[in-house]
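Structure first, then comments.
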Amino acid sequence: MNRAEKPLNHPNAQQTAVRYRHASYLKDMAGYKPKVISLTKKPGHTFGFFLRVEQGEDGHLIRCLEMGGPAELAGMKDGDRILRVNGTFVDGLAHSEVVDIVRNSGASVTFHILDEASYKQAKAQGVNLLSNKSTPVVNGVDKDDPKLKLCYLVNSSSGFGFSLRSVKGEEGFFITEVIPGNVGHNAGVRVNDRLVELNGENVEDATHEQVVDKIKLAGGSVMFLLVDQETDKFYKKKGMKIGAWLATVKHLPLKPRFINMTKGSDGYGFLLKEMPQKRGHFIKAIDRGSPAERAGLKEMDRLVAVDGQEVDNCSHDHVVDKIRLSGNKCCFLVVDKDTDQMYKLGKVSPMLFCEEMKESILPPSYIEALTLPSPDRASTSFKAKEEELKPKLCRMEKTSASYGFHLNGIQGVNGQYIMDVVKGGAAHRAGLVNGDIVVEVNGINVEQSSHEEAVEIIHRSGSSLEMLVAKRSVYEQLKAKGVSITRLLLGETSYAQVHYADSPEEEKREKARPETPTKPARERTPSSSSQESVDERL
C-alpha cells in the first residue's frame, strides 16, 4: 500500500463498527461470491493501492489503484471492500488494525474482497459476511490458470544452447534452435518461448541488439522469465499484463527450504543475526544436537519467512517477536547462499516458492480453510491423500543398447535428473521415470556432485548400475522438510521399493548395508558481537 489513512472522525464511526460486529444476521452469503486475491510485491515496492474508510461509507475500501501495480493487475477495482486479510475477518475491525495486519504480512498478502455493489446490497439485506465461499485468485490468476516460467541458465563452453529470434514489425523476442541436452534445454527453455524479462528487467520494448548485449554482459549466469505461446495467448485474451508474479519456479535448480522445529529445553539452539551489509536475517552458531540442527538449519541460511509471513522488511526485534509468538513450534522458510543469489538475480522473492508449495501440497480445500471452520469440520473436511514420501532403489544390467536413459544436469549447478527413458529398456524395467532426481549412484551420494562427476561414477560401474532416485515432487517435499534422503527411508522390510531390471541371475532381495558413520559434529565457536550485527538467542 502507498499509505493507510486513519479512520475519519465522524459521529457514526464507532456506532457503525459496533453494529456490524454484533448484529444478528438472518441470511448467509448465498449469491455473493467474494474473490480471494493473493498479492506479492517486490522489495521496496507497494501493493499499489490505498486502504481507506470514508464518511458515509461502510467497510474498508480500495482506492487510488496504481496502474500496473500488483492490485490493479490482480483485478481489484476502486470501491471494492476487503472482508478478510490472510483469513482474518476484518469487516468489523478498526482501520488501524487492518492496516497493521497488511503491513505485518510482508511481501505477500491474501485478501477476500467483494465488489462495491454486492457489498452494499449484502449490507442492506443483513447478509452474514462471515459465511462465504470464494473464488481463489493469486495476483489476479485462478489457481489452475497457466503460468509463465523462470529459467536459470549457467553458461557453458558451448554457450547457452539456443538462438534468439525477432521479426521486424512484430513484437517480442522468441527462442529458437534449442539444443536438446544443452544448458537452455535442461533449464526449461523451449522453442517459441517469448522472452519477457532478463535478470528481473522487462525487455519487451528493447531492441534485438540491446537484448543480445544484456545476455552477453550477464556473465556466467542469467535468469529468464519466459512465456510459451498458449500461455501468452491466454493472458492477452484476458487483457492482463504479465510478470514474474505469474511464474512457476519449478524449473529453477535450487530450492528454498522449509524448516519445522519444536523448541527444546534450551530453545531452538541458534543465533539470529541481522546483518545490514548483507541485507537480511541470518542463522549463526547452531548448537550441536539442537532442534535447529536436527531440522536441517544451516550456518548462514537467510531467513525469508516465519510461519508463512515474510520478514525481509522487518526489524530484528520484530522477527524475534514473531518467532517467540509462535510458541513451542515454528516453521521457517530459508535459503542458502547459492539459492539466495539465484533468486536475487531474477529480482524475485523466494516467497514464490512458498506460494507454489501451498498449491501443490495443501489440501484442495485450502481456500475454505481461510474461513476458519470449526475444529470438528476441519478434522473431517481437510484431509488430503498424501503422497508417499519415499525414494526408489533401482538396479539394472546394461544391455548392448546401454541402460536406456539420459542423465541431465545444468552445467555449473549441482544436481542430476533422469530424462529420455527408453520404453522397455533396462532403466524403464528397473523403475526409472523421466524427471526422477538422482540421489545416489552405486551407494555414492551425488546431490552435490557435478554432472561430470556423476557421469564418471556411472561409467566406472561396468555392466551393472544401482541408483537411489526420487520423484521430483517427493524430493522437493522431503528437502523442504529438512529430511535427508537415504536408503533408510525405504524401511527395513520395504523391498517393494527396490526395483530390478528383469534378469534371472539377479537376487531379489538386497542385503542390509551398514549405516554410513556420521561425521563428527562441529564444535560451536563463540560468536562476537559488533556494531553491524544484532544477536538474539532463540
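The values are calculated or read from the model by the stated rules, or taken from the named source; none is laboratory data. On a predicted model such as this, the values are computed, not experimentally measured, just so you know. A quick note on method: Cβ atoms are made from the backbone with ideal geometry, for glycine too, and the neighbour counts reach across all protein chains shown. Surface areas here come from the heavy atoms of the whole protein model, side chains and all, with no ligands, DNA or RNA. Shrake-Rupley method; radii C 1.70, N 1.55, O 1.52, S 1.80 Å.
Find the centroid of the Cα atoms in segment 293-364 and in segment 185-250, then give the distance between the two in whole Å.
After rounding, the separation between the Cα centres reads 26 Å.
Using only alpha carbon pairs under 8 Å that are at least six residues apart, calculate the relative contact order of segment 288-361 and give it in whole percent.
34 percent
If I model a spin label as a point 7 Å beyond the Cα along the Cα-Cβ vector, how far apart are those points for Thr88 and Ser221 in nm?
3.7 nm
Return the loop-located GluC sites (Glu not before Pro) in segment 52-81 (DSSP other than H, G, I, E, B) with at most 16 other Cβ atoms within 10 Å of their own Cβ; answer none if there are none.
Here the GluC sites (Glu not before Pro) that fit, given the DSSP loop and packing criteria, are Glu54, Glu57.
Students sometimes get this wrong: rank Ile444, Ile175 by accessible area, probe 1.4 Å, all chains present, largest first.
From most accessible down to least: Ile444, Ile175.
Once the piece of chain linking Glu204 and Gln448 is laid out straight, how much longer is it, given 0.36 nm per residue of separation minus the C-alpha distance between them?
The Glu204-Gln448 span can extend by a further 84.2 nm.
Let me check against my output: what whole-number percent is the relative contact order of segment 141-250, with C-alpha pairs under 8 Å and at least 6 apart?
Computed over segment 141-250, the figure is 35 percent.
So if each residue of separation counts as 0.36 nm, and I subtract the Cα-Cα distance between Glu171 and Arg279, what length gain in nm does that give?
35.1 nm
With a cut-off of at most 10 other beta carbons within 10 Å, and DSSP calling the residue loop, which trypsin sites (Lys or Arg not before Pro) in segment 266-318 qualify? Please list them.
Loop-located and lightly packed - none at all.
Going by accessible area, probe 1.4 Å, with all protein chains left in place, what is the ranking of Val422, Val335, largest first?
From most accessible down to least: Val422, Val335.
For a Förster distance of 60 Å, can you work out the FRET efficiency between the beta-carbons of His318 and Val212, rounded to the nearest 0.05?
0.85
For the pair Asp420 and Arg294, what calculated FRET efficiency results from E = 1/(1 + (r/R0)^6), where r is the Cβ-Cβ distance and R0 = 45 Å, to the nearest 0.05?
Efficiency computed from Cβ-Cβ geometry: 0.70.
Could you calculate the FRET efficiency of Ser156 with Gln125 from 1/(1 + (r/R0)^6), where r is the beta carbon distance between them and R0 is 60 Å, rounded to 0.05?
Approximately 0.40, to the nearest 0.05.
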